[in-house]
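The values are calculated or read from the model by the stated rules, or taken from the named source; none is laboratory data. Just so we're clear, the structure is a prediction, and the values are computed from it rather than from any experiment. Neighbour counts run over all protein chains shown; Cβ positions are idealised from the backbone, glycine included. We work out accessible area using only protein heavy atoms, side chains counted, and drop any ligands, DNA or RNA first. Shrake-Rupley method; radii C 1.70, N 1.55, O 1.52, S 1.80 Å.
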Amino acid sequence: MQKGTVGKRMLRDITLGQYYSVDSVIHQLDPRLKIRMIIAYIVISLLDRNLPLFALLTALFVLTVIVSHVPMSHMLRGTKSILIVVGIGSALNIFTTRGTILVKLGALCITDAGIVKAGFVFWRMLLLIFMSSMLMYTTTPTKLTDGFEKCFHLRGSTAMGITIALRFISVLAEEMQHIMRAQEARGADFHSGGPVTRLKSLRTVAVPLFQNAIDRAGNLADAMDARCYTGGKGRSKLNPLKYKVQDYIGYIGLLIFLLIAAFLIVRF
């Protein structure tokens, strides 16, 4: 019973892609500015690997979390499973990087350079995942669609498809939870046995989950069609995007960040 409760709680913890409704300065910023900020943040974090630069990226992330009022516990809960995979992938660098051998475990060698590289890889992936998810936590689906459309010059239907795909993560997780509860009420067991046994037991969930996903997509398409939605040219918007004073200040802050990051990359 305890294992079943843990499994259901894990499904509820999938918050990636969900909008976190709270009043903050970050929530009020124009989505075009936030998308460009995230792109600049990702590019800068992938360009170089030095301690001052990563300290700057971390400080910016901490400031964003504080100003956005999105709880760090909420973000950690939503990315828990992803962080496990990232941790395992980062740890592989310990054994595959050449350097001074610290510990030898048969054919595997732990090197000092491997530990440093693994730490930086894990640090970088944490920042990328959390900052990227911050875009969805602080932007409504409608504004996110408008932002993608304007920033990348996409057709309205294409931008809407990207946004729906991102938001569908939490929807499918909730649907999977309902299916598992229904099958457990009929005697199904998803929490006993080894990992292979548990994966095999989930086969009975895959078919109804796939069917429900198709049904939801069909209902969504019918609802959009009933409201005469068209994503092509000439489609007007009820609330078109307009820059405000805080957005211009945000662009100035973005420019300052890029200048400081460029200095740190060149200097260190």
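Every residue in the range 55-86 that is outside any helix (DSSP H, G or I), open to solvent by less than 20 Å² (accessible area, probe 1.4 Å) and modelled with pLDDT of 80 or more, please. Lay out the reasoning, then the answer.
In the first step, residues of the range 55-86 are kept if they are outside any helix (DSSP H, G or I); the result is 69-71, 79.
Remaining after also requiring open to solvent by less than 20 Å² (accessible area, probe 1.4 Å): 70, 79.
Within the range 55-86, just Val70 meets the criteria.
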Quiz prompt | Phe190, sole failed condition from (1) modelled with pLDDT under 75; (2) closer than 26 Å to Ile38 by Cα; (3) part of a loop (DSSP other than H, G, I, E, B) | solution = (2)
Quiz item: What number of residues in the range 143-187 are open to solvent by 50 Å² or more (accessible area, probe 1.4 Å), in a helix (DSSP H, G or I) and either free of Cβ contacts under 8 Å to residues at least 40 places away in the same chain or among the basic types (Lys, Arg) (or both)?
Solution: 7
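Kindly indicate which of Leu172, Leu255 is out of contact with any Asp or Glu (no Cβ under 6 Å at 6 or more places or on another chain) and under 30 Å from Leu53 (Cα atoms). I'd like the intermediate steps shown before the answer.
Working: Leu172 fails: under 30 Å from Leu53 (Cα atoms).
Checking each option against the conditions leaves just Leu255.
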Exercise. Could you please find all residues in the range 195-232 being farther than 21 Å from Ile162 by Cβ, within 26 Å of the chain's Cα centre (by Cα) and not in a helix (DSSP H, G or I)?
Key: Leu202
Quiz item: Which residue, of Ile82, Ile38, Ile26, Ile66, is within 30 Å of Ala107 (Cα to Cα) and not small (Gly, Ala, Ser)?
Solution: Ile82
